[in-house]
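*Asks:* The structure's right below; bear with me while I get my questions together.
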Amino acid sequence: MLKATNLKHSFDYLLFENVNIELNPKDKVAIIGSSGSGKSTLLHILSTFLKPQDGNVTYNGKDIYSIPNKELIKIRRHDFGIIFQFHYLFNTFTALENLKAAALLAGTSVDYKLLERLNIKDVINQNIQTLSGGQQQRVSIARVLTKRPKIIFADEPTGNLDKQNANEVIDILFEYCDEHNASLLTVTHDYEIAKKFDKVFELKNKRLNVWKF
C-alpha cells in the first residue's frame, strides 16, 4: 500500500539515508530512536508533508511527490490520518465541533461509540481550551479516526497520557486497523509501547533497521 525506497534527508547535518520501509493493510509498525535521530522527519516524508532529498514514496503504486496537487490533497483528506505530537485543534471550537469539521471534510460522521471508548463523551461539548492535555490528545485521535483513514501516521500519540490511557489508546488504534483493513505507523520514545506493535524499527546511526528486543 505504501512503500518508501532509499530515502535520504538532511538539514544542517545528515539525518538518515538508504531508508526503506513498506506498509501493508493491517500492519502496525513502530519506529523508535533517540531525539534528533529523524523519526518525525521520516514520518512527515511518508505522510506527504516533506519531500525527501533523495528516494521516493509510493502509495498504491503512485509516487506521492510526483502526482498532481489535487490528487495529493485528496489522499491527505480521505486516505491518510495524522496524529501530531501537538494537537492542532481549533481552540475556539468545542471538542464535538472539531470532530464534526473533520467529518464534514471527509464525508463521514462522528462515531459516538468511539468517544465512549476514548473516555471523552462526557466532555465532548466543552471548549477545547478547557480540556486537559490528555483529553485534547484523545480528541485529536478521535478526529483522525473520524476521517476513516486507510493509513494512520502517529507522532508520539501517547505522549500526554498516563500508562493505562496510553495502552488503551494503542489498543483502540489497533482495533481500528483490524476492523477497517487500515495500517498504523507510529514514532515513539516509549519502548514499552513499541513492544506492543507487530513490527518495530530503530532509526539509529542514520539507518533504519529492525529493532531486536
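The values are calculated or read from the model by the stated rules, or taken from the named source; none is laboratory data. Given the structure is predicted, the values throughout are model-derived calculations rather than measurements. Please note: Cβ atoms are built from the backbone with ideal geometry, for glycine as well, and neighbour counts cover all protein chains shown. For accessibility, only protein heavy atoms count, side chains too; no ligands or nucleic acids. Shrake-Rupley method; radii C 1.70, N 1.55, O 1.52, S 1.80 Å.
*Asks:* Kindly state which helices (runs of 4 or more DSSP H) lie completely within region 103-213 and contain at least 2 residues that are farther than 30 Å from Leu15 by Cα. Let's see the steps before the verdict.
*Replies:* On the way: elements: 112-117, 133-146, 163-180, 191-194.
Fully inside region 103-213 and qualifying: 112-117, 133-146, 163-180.
*Asks:* Kindly provide the set of residues from region 11-31 that are surrounded by 15 or more Cβ atoms within 10 Å (Cβ to Cβ) and part of a strand (DSSP E or B), ordered by number.
*Replies:* Initially, region 11-31 is screened for residues surrounded by 15 or more Cβ atoms within 10 Å (Cβ to Cβ), giving 15-17, 19, 21, 23, 26-31.
Correct list: Leu15, Phe16, Glu17, Val19, Ile21, Leu23, Lys28, Val29, Ala30, Ile31.
*Asks:* Another question, then. What about Gly55, is it at positive phi and at pLDDT 95 or above? Walk me through it before giving the result.
*Replies:* On the way: at positive phi: yes; at pLDDT 95 or above: yes.
In short, yes.
*Asks:* So, Glu116, is that one over 22 Å from Ile170 (Cα atoms) and surrounded by fewer than 20 Cβ atoms within 10 Å (Cβ to Cβ) or not? Working first, answer last.
*Replies:* Numbers: over 22 Å from Ile170 (Cα atoms): no; surrounded by fewer than 20 Cβ atoms within 10 Å (Cβ to Cβ): yes.
No.
*Asks:* Turning to a different aspect of this structure: Would you point out the residue of region 88-108, among those that are open to solvent by less than 70 Å² (accessible area, probe 1.4 Å) and aliphatic (A, V, I, L, M), that is farthest from Gln137 (Cα to Cα)?
*Replies:* Per the criteria, the residue is Ala106.
*Asks:* So, Asn181, is that one open to solvent by 70 Å² or more (accessible area, probe 1.4 Å) and touching a Pro at 6+ places or on another chain (Cβ under 7 Å) or not? Step through it out loud before you land on a result.
*Replies:* Numbers: open to solvent by 70 Å² or more (accessible area, probe 1.4 Å): yes; touching a Pro at 6+ places or on another chain (Cβ under 7 Å): yes.
Considered against the rule, which asks whether it is open to solvent by 70 Å² or more (accessible area, probe 1.4 Å) and touching a Pro at 6+ places or on another chain (Cβ under 7 Å), Asn181 comes out as yes.
*Asks:* Follow-up question, since we're still on this one. Is it the case that region 193-212 has a residue that's more than 21 Å from Asn119 (Cα to Cα), of a type in the set (Val, Ile, Thr), modelled with pLDDT under 95 and open to solvent by 70 Å² or more (accessible area, probe 1.4 Å)?
*Replies:* So the first thing to find is which residues in region 193-212 are more than 21 Å from Asn119 (Cα to Cα), and the list is 194-212.
Checking which are of a type in the set (Val, Ile, Thr) leaves us with 200, 210.
Applying the additional criterion that residues be modelled with pLDDT under 95 yields 210.
After this cut, where a residue has to be open to solvent by 70 Å² or more (accessible area, probe 1.4 Å) as well, the list is 210.
Yes, region 193-212 contains a residue that is more than 21 Å from Asn119 (Cα to Cα), of a type in the set (Val, Ile, Thr), modelled with pLDDT under 95 and open to solvent by 70 Å² or more (accessible area, probe 1.4 Å).
*Asks:* Can you work out which of the residues in region 132-176 that are closer than 22 Å to Asp27 by Cα and among the hydroxyl-bearing types (Ser, Thr, Tyr) is surrounded by the fewest Cβ atoms within 10 Å (Cβ to Cβ)?
*Replies:* Looking at residues that are closer than 22 Å to Asp27 by Cα and among the hydroxyl-bearing types (Ser, Thr, Tyr), I get Tyr176.
*Asks:* Related question: Within the group Ser34, Ser66, Ser40, which residue is within 18 Å of the chain's Cα centre (by Cα), among the small types (Gly, Ala, Ser) and not in a strand (DSSP E or B)?
*Replies:* Working: Ser34 fails: within 18 Å of the chain's Cα centre (by Cα); Ser66 fails: within 18 Å of the chain's Cα centre (by Cα).
Of Ser34, Ser66, Ser40, the one residue that is within 18 Å of the chain's Cα centre (by Cα), among the small types (Gly, Ala, Ser) and not in a strand (DSSP E or B) is Ser40.
*Asks:* On to the next question. Can you tell me which residue within region 37-49, out of those that are without any contact (Cβ under 8 Å) to a residue 60 or more places away in the chain and open to solvent by less than 50 Å² (accessible area, probe 1.4 Å), is farthest from Leu7 (Cα to Cα)? Spell out the reasoning first.
*Replies:* Taking region 37-49 and keeping what is without any contact (Cβ under 8 Å) to a residue 60 or more places away in the chain, we get 41, 44-45, 48-49.
This time we only want the ones that are open to solvent by less than 50 Å² (accessible area, probe 1.4 Å), so: 41, 45, 48.
Values: Thr41: 11, Ile45: 9, Thr48: 13 Å.
If we take residues in region 37-49 being without any contact (Cβ under 8 Å) to a residue 60 or more places away in the chain and open to solvent by less than 50 Å² (accessible area, probe 1.4 Å), then Thr48 is farthest from Leu7 (Cα to Cα).
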